[in-house]
Each structure stands twice: as C-alpha cells, then as structure tokens.
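Working notes, beginning with the structure itself.
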Amino acid sequence: MSIRERLSGNEAVAIAMKQINPDVVAAFPITPSTEIPQYFSTFVANGTVDTEFVAVESEHSAMSATIGAEAAGGRAMTATSANGLSLMWEMIYIASSLRLPIVMSLVNRAVSGPLNIHNDHSDAMGVRDSGWIMLFSENNQEAYDNMLMAHRIAEHKDVLLPLMVCQDGFITSHSIENIELVEDDKVKQFVGTYKPEHYLLNKQEPMAIGPLDLQAFLFEHKVQQANAMKNAKKVIEEVAKDFEKMTGRKYSFFEEYKLDDAEIAIVCMNSTAGTTKAVVDKLRLNGIKAGLLKVRVFRPFPAEEIAKSLSHLKAVAVLDKSDSLNAVGGALFEDVTSAMYVNNKNVPMVNYVYGIGGRDTTEKQIESVYNDLSEIVSTGKIDNPYRYLGLRK
C-alpha cells in the first residue's frame, strides 16, 4: 500500500532522498531550493539516514564535493537553483565529462540579473548542453517519482551520466499537494545499491581522475558522452516500466493529453502543463479539438518520438519559460522545430516566451494561444513565429 501524504515539492524531494539514503549530500542554501537540504539535514541529525552531510561554503564547492564523493565510489546528491547552478557551471561540465552519475534537484528560478528569486527556466536552459540528463516535473508527485527513478537511470552501465530533476520554484517547490509515497523498503529495493566498476578508493585498481585530455583523445571522449546520452533513452523507458509495476504510475519521454484526435496543440514543460490541461478541457467542451504535449525528458531530447506525436496536427505552439536571446525563439522551440524538420514533418509552428521572472501565466493567456492557433489554421498564415505571452503593452 502506498502512503498518502500532503507535502510541498521540496519536502517530497527531501523524503525521496531520505529513502534513497545516499552516501554523501553536499549543498549550499539558495532560494527556492534551500528547504531540500534543510529538511534532509534533519534526517541526518536524527539518525534516519547515515549520509555524510557536507555543509559547504558555496555551490561551486557543493558540486566539487559531490564529484569527489562520486569519484571515490559513493552515491552523491545535491540541490540548487538559478545563480547557485551558475556558480557550479565549471563543475557541472566536469561531472558529466568524468561520467559521474550524480543526482541533483534543480528548483528552477530566474538567473540574475537583475535579481529575481521567482520561477522561470533560464537556469536549466543555461546548462542544457552540458551533458546532464534532464527530467522535468509538472507537480510534486512527478518530482518525487523522478527522483526515485534518477539513480537507476544515471548509474546504468550504459549511461553513467549525471542527472538533474527539475521542478518550478515556489509553484511546486513550496505548494502543498496530495502525494502518494512509496514504502521505504520498496524504494530501497527499486533503487538498489550503487556498485561502480571503477572508483578511486579501489586499491586493486589505481587510477587518476580528471587528467589532461588534449587533441589525441578529447574528441573521442566527447563522442562517448554523446553515445551515453543516446543510450539513456532506452534506459529511461526500462526504468519507467519497472516503476509502473511498482506504483501503477506510468511515465514516458512526454505526456500526451487529449492529443490523439487534436487539431491544435501546445508543447510545454513543468507546472504550466497543469494550467494547459484545464484550458484543453474547457475548449473540448466547446467543440475545439485542442491537445497538449508535456515534455518530461528534455535531455536526451526525444526528437523522433515528439515529431511522430505532433505530425497529425494542423498547428502547434511551443511555450518557452526562458528566452534564448538569439532573436529566433527559445530552446524548447528550437529542439521541437529541429525534430520536425529532420523527421520530415511539416506542421505550422509558433513560439511563445512566457512567465519570465515568475510572471503569472493564466488560463486566459493559454486560451489566447489556442485562439491564435485556430487563426493560423483558418488563414494558413503565421505573421510572426516568435512571440511573447503575458508581456505588458
């Protein structure tokens, strides 16, 4: 029997970490992720876990400590947001290049400047090409579930890449929702014990970590990382199937909401999907065939699968909660349109940058996007594919 609880997203992630009982957690406080190590430190203090908790002096040190712990053969975790992730930036790339399956909770927040502590996806998009697997979470339940699956994915012998579980700052991290927890013993069995093949403390195999890697080998090592990311797709599917057997909750690369017979659809990530589902339900009552594709796995990007799911539509809007500042749309839009082009799927597409700095995104605004899509279908014209949603005039 699952355990029914009422928890915030941060509490849910901290409880998942407690159930996983990693060897090392290193963290430095930053809003809105501070509560995760704060809650977890109480589990350390009262002896619920036997984790070594390292209270470091900065986020750069937090990632450095988890790299050291993971390289030594331990299972390591951390949590951060926004500028904290930015301070980790150098070490983020080192973690992935060393093929260390660290798991991090990233509570999404706008990156300064100017200073803003509220939600958008600029932090995650800043490291989207750093070699980390990236899972996004619509709600508290999904953040918890993604965290339970994270180590199984990252530590797989064909993957060995770090993984971050993303959730929207304050919107889910601090909001309390009903949630179903898995029993501790089942989590322990599902996650398993970390048994790395190569690690620094193995006296039978002396090794170096992070040596100089010049022209003769770096190219090949980067291709190995790329292949590992490709391998992660199969592993993510396998782990999700095992998770469904344990909990009854089904996950894939993305969720299709009333998409099968839809004529127009929105593509988005994280908590905005919940608002969009409510709008889809409303439009359906009015006879409008609206749908939603909610991206859960952003890295590796499921290009072929997304292209197939969107191919029957008459118009699509991609919502980006950050702006790439490149004059041609946000990161999710770029990936989706690239996927469609490469897979020979020709569907009219438009991009909306929205919610920057935590600006509210309402059902009325989402409905206006569907109205725009209906207009595109009826006229066959897209005057401007790069748009803003909720921008003050």
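Expressed as a fraction of 2.2 N^0.38 Å, the C-alpha radius of gyration for region 280-353 is 1.14. One way to sum up the overall shape of region 73-143 is the equivalent ellipsoid from its Cα gyration tensor, whose semi-axes run 21, 16, 10 Å, largest first.
In the chain, taking the dipole from charged Cβ atoms about the Cα centre, the farthest positive-side position among Y341, Y39, M125 is held by Y341. Near the amide H of E177, within less than 5 Å, lie the amide hydrogens of L7, S8, all on another chain or at least 5 residues away, with H placed in the peptide plane. Between N202 and V347, the FRET efficiency estimated from the beta carbon spacing at R0 = 51 angstrom works out to 0.45. Over region 124-199, the pair-distance histogram of Cα-Cα distances with 10 Å bins from zero comes to 17, 41, 33, 9, 0 percent, rounded to whole numbers. In vacuo Debye scattering of the chain, one point per C-alpha: log10 I(q)/I(0) at q = 0.08, 0.09, 0.13 Å⁻¹? Each listed q maps to, in turn, -0.41, -0.52, -1.07. In region 3-247, a dipole from Cβ-located charges (positive for Lys and Arg, negative for Asp and Glu) runs towards its positive end, and of I209, S81, M17 it is I209 whose Cα lies farthest in that direction.
The overall shape of region 254-389, judged from the alpha-carbon gyration tensor, is rounded, with an a/c ratio under 1.5. Taking the inverse of the mean 1/r over every pair of distinct Cα atoms in region 12-89 gives a Kirkwood hydrodynamic radius of 12.2 Å.
Note on H121, H156, H151: ascending count of other Cβ atoms within 10 Å places them as H156, H151, H121, the fewest first.
Here T51, T379, T247 are placed in order of increasing Cβ neighbour count within 10 Å, fewest first, which gives T379, T247, T51. Listing R359, R392 from fewest to most neighbouring C-beta atoms within 10 Å gives R392, R359. If R0 equals 25 Å, the separation of the Cβ atoms of R6 and D184 corresponds to a calculated FRET efficiency of about 0.85. Note on the chain: GNM, Cα springs under 10 Å; of V342, V267, V159, the largest mean-square fluctuation is that of V342.
Which percentage, to the nearest 5, of the DSSP beta bridges contained in the chain is antiparallel? Antiparallel bridges: around 25 percent, rounded to the nearest 5. A helix-only calculation puts the chain at -13000 deg cm²/dmol for mean residue ellipticity at 222 nm, using -39500 (n - 2.57) for each DSSP H run of at least four residues, averaged over all residues. For a straight C-alpha distance cut-off of 21 angstrom, the lysines reachable from K186 (same-chain residues fewer than eight places away being disregarded) are K18, K195, K241, K245, K250. When the chymotrypsin sites (Phe, Trp or Tyr not before Pro) in region 163-244 are filtered for DSSP coil states and for at most 12 other beta-carbon atoms within 10 Å of their beta-carbon, the remaining sites are F217. Note on region 128-202 and region 344-379: Cα centroid distance 31 Å, given to the nearest whole angstrom. Taking the Cα centre of region 1-150 as origin and assigning +1 to Lys and Arg Cβ atoms and -1 to Asp and Glu Cβ atoms, the resulting dipole is close to 120 debye.
Laboratory data are not the source of any read-out in this text; all were calculated from the coordinates shown. Remember, predicted model here, so these are calculated numbers, not experimental data. Neighbour counts run over all protein chains shown; Cβ positions are idealised from the backbone, glycine included.
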